[in-house]
Amino acid sequence: MAAITATGQTKATRRDFMLIATGAAGAVGAAAIVWPFVASMAPDAFVIAAGAPVDVDLAPVADGQIVKVFWRGKLVFVRNRTPKEIEEAEKVNLASLPDPQPDSARVKEGKAKWLVVFGNCTHLGCVPLGHEGTYEGWFCPCHGSVYDTSGRVRGGPAPLNLPIPPYTFVSDTKIRIGEESKVPPKAAAA
Amino acid sequence: MSQHATTYVPKSRFAKWFESRLPLAGLVHSSFIAFPVPRNLTYFWTFGAILIFMLAAQIVTGVWLAMHYVPQSNLAFESVEAIMREVNYGWLLRYLHANGASMFFIAVYIHIFRGLYYGSYKAPREILWLLGVIIFLLMMATAFMGYVLPWGQMSFWGATVITNLFSAIPLVGDTIVSLLWGGYSVGNPTLNRFFALHYLLPFMIAGVVVLHIWALHVVGQNNPTGVPIKSGKDAIPFTPYATIKDMFATIVFVMFFAWWVFFVPNYLGHADNYVPANPAVTPAHIVPEWYFLPFYAILRAIPDKLGGVIAMVGAIVMLALVPWLDTSRVRSANYRPLYRQFFWAFCAVCVLLGWLGSKPPEGGYVIAARVCTAWYFIHFLLILPLLGLFETPKPLPASILETVTGRRGGSAMPVGAAAAPSTKG
Ligand code: HEM
Ligand code: FES
């Protein structure tokens, strides 16, 4: 939009300045107003507040039983594993796993009995059925993903192991989900 | 709107006064009264009118449902039950709306396959076709979010599975999913925003429909021969011929629609959706509504999360690319002996995929779904480009009129030059 002078040379005009200044202000303004619109869709303060830690009493959970609890609206499995289930989870050849992780990295030290994992399939989020599938860990009815007694994926379209929520033992028979324990799990450091 | 010179002449003083300020009547006249229609159109060309009717029907029944529906996760299920049991004729409104969605998809699938058979996507109709693909995408989004609203078990788990598709996107996937949910799982914020969008999208569809019809009236309608209108003798005026035919077809379609609503209103739904949403238990068989089944089968055929999502999206992208994938210069499959056979094979594959999508993902079903998925893409990516090069088409008729009357002559109507801008095909 630069004006062409009589000599054929281009020369910046006041209109060029207006165009650039208006365009820049408009672009910055548009970017600035998009942000609140997108951010408003994120979890709001109520939803985040509902993420306060929850305590789960382990005493009533029988051997082999899986209980379902909710934290931040998400399903969590708390599984009281039998010695056989623990043994099967530990003696796996790690190299054969889609998402290799030793069982010891998935439980708290000295508490191998208790497996605490999120209860939604890492494929598309269905709730897998406990004590089912080849490894009698979990089996997802939606598209056939198979998990072992450590909640690790062993087959099907799910890409990852069932994730472990932050939790800590507040006493021998009580865990608090939503609060990370101070001591890191043994093998996680390795 | 169209480029046809309008033949509308306002008669009354008010009409003249109005027309000189806003030429609305002239626009309607040139688009829906004097508009030249190929004289050989079959009933496959009435589905556009049927689709407009269905969109209007969904909007009207939807707005009436919204007067009673509560988009709150503790109340949504109850409010839909109240619509069914307490609201006067609420059952009718809901059954019309729920079955209306299925009728809408039946009509759109017939409409799309009509286009694929007669080559309606070829020049000069590419933009018209692309606008159609956009409408189809918006329809899918609308129907998906509508199905979440009753907040039954299928609503909840359908929403969970479909929103989780986005988590397959590398890096930003999880952020996108949490923005969709407004939480850490599907919940009340999700229901709320889905209701807002379910209300909004049909009006966006209506906007794109206006563009779709605008594009149609610039390039003119295709017809069973694929040969463009060459003279006035090939065409008849929209009114009364197309108007009455469209109305007749719509009424017959409404009778078909009414049969579902009054005799088998829940046949196309899932019994599980009459169980309130329970985030702790997934139903044993989760399947989407019938109109999504072929895409669902493609998703499950690929044994990899990201791969499955890419294949499913790719299946729709194929439709958008078809104007450029098909290299044949002949439009109508009536004159393409090989394409015609591949077309029917493709239809069979789509129906088979739909059936496989409703079956559990195990054993022979998975293998069959993989074969069909492969064929789906081979059809678009290999067969369409190659056929155009190797196929010998049958001789085309000299004109539309010739195929209708077998001779030259007959009554003529004036057509604008724009009705046949294409020399291709
Ligand atoms: C493109 C058009 C539309 C389609 C394809 C569509 C589709 C659907 C579907 C499949 C359902 C679930 C029905 C069920 O199983 O109960 C639904 C529910 C609903 N829709 Fe729509 N809809 C459309 C337009 C609208 C519009 C414009 C509104 C206006 C506000 C609306 C309001 C509702 C409401 C309130 C419900 C919940 C009540 C119920 O489940 O019956 N819809 N829609
Ligand atoms: S959601 Fe579990 S396998 Fe797909």
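Computed from the coordinates by the stated procedures, all read-outs in this text should not be read as laboratory data. Treat the numbers as computed from the prediction; the structure is a model and nothing was measured. In this analysis, Cβ positions are derived from the backbone assuming ideal geometry, glycine residues included, and neighbour counts consider all displayed protein chains.
Pairwise inverse Cα distances across the stretch A:1-125, averaged and inverted, put the Kirkwood hydrodynamic radius at 20.8 Å. The mean count of C-beta atoms from other chains within 10 Å of the C-beta of residues in B:290-302, rounded to a whole number, is 1. Note on chain A: GNM, Cα springs under 10 Å; of A:79, A:154, A:15, the largest mean-square fluctuation is that of A:15. Its residues counted as N, chain B yields a C-alpha radius of gyration over 2.2 N^0.38 Å of 1.08. Would you mind estimating how fast the stretch B:1-65 diffuses translationally, via Stokes-Einstein at 20 °C and 1.002 mPa s with the Kirkwood radius over Cα pairs, in µm²/s? Here the translational diffusion coefficient equals 147 µm²/s. A simple spin-label model places the labels of residue B:231 and residue A:180 8.3 nm from each other, with each point 7 Å out along Cα-to-Cβ. The distance separating the Cα centre of the stretch A:19-53 from that of the stretch B:302-366 comes to 40 Å. Taking the charge dipole of the stretch A:49-189 about its Cα centre, with +1 at Lys and Arg Cβ atoms and -1 at Asp and Glu Cβ atoms, the residue from A:96, A:139, A:58 reaching farthest to the positive side is A:58. Over the stretch A:36-95, the pair-distance histogram of Cα-Cα distances with 10 Å bins from zero comes to 17, 30, 25, 18, 10, 1 percent, rounded to whole numbers. Size descriptors for the stretch A:8-47 (Cα atoms only): Rg and Dmax, in that order, 18.5, 65 Å. Considered as an equivalent ellipsoid built on the Cα gyration tensor, the stretch B:229-292 has semi-axes of 45, 16, 8 Å, the largest given first. How many percent of the alpha carbon pairs in the stretch B:290-383 exceed a separation of 16 Å? Roughly 56 percent, once rounded to a whole number. When +1 charges are put on Lys and Arg Cβ atoms and -1 charges on Asp and Glu Cβ atoms, the dipole computed for the stretch B:167-311 relative to its Cα centre reaches about 300 debye. Only the Cβ atoms of Lys and Arg (+1) and of Asp and Glu (-1) were treated as charged; on that basis the dipole of the protein assembly as shown about its Cα centre amounts to roughly 2380 debye.
Would you list the membrane-span-like helices of chain B, meaning whole DSSP H runs whose alpha-carbon atoms span at least 15 Å along their axis and whose mean Kyte-Doolittle value is at least 0.5? Span-like helices here: B:47-66, B:90-118, B:126-148, B:188-219, B:243-263, B:305-325, B:337-357, B:363-378. From the Kirkwood radius over Cα pairs of the protein assembly as shown, Stokes-Einstein at 37 °C and 0.692 mPa s returns a whole-number translational diffusion coefficient of 115 µm²/s. Cα convex hull, the stretch A:121-180: 89 Å³ per residue, rounded to a whole number.
Evaluate peptide B:178-184: per residue, the Cβ atoms of other protein chains within 10 Å of its Cβ; return the mean as an integer.
Values: counts 4, 6, 1, 5, 6, 11, 10.
Going residue by residue through B:178-184 and averaging, the value is 6.
Give the separation of the Cα centroids, the stretch B:149-182 to the stretch A:98-154, in Å. A separation of 21 Å, based on Cα centres. Just so you know, the averaged projected area of the alpha carbon convex hull for the stretch A:64-190 sits at 7.4 nm².
Taking the inverse of the average 1/r across all pairs of different Cα atoms in the stretch B:141-271, what Kirkwood radius in Å do you get? Spell out each step's value before the answer.
Working: mean 1/r = 0.0524 Å⁻¹.
19.1 Å is the Kirkwood radius here.
Assuming charge only on the beta carbon of Lys and Arg (+1) and of Asp and Glu (-1), the dipole of chain B about its Cα centre is about 1640 debye to the nearest 20.
When peptides A:58-66, A:126-134 are sorted by average Cβ neighbour count within 10 Å, with the highest value leading, the order is A:126-134, A:58-66. Shielding by partners for peptide B:161-169, expressed as the average number of C-beta atoms from other protein chains within 10 Å of each residue's C-beta, is 3.
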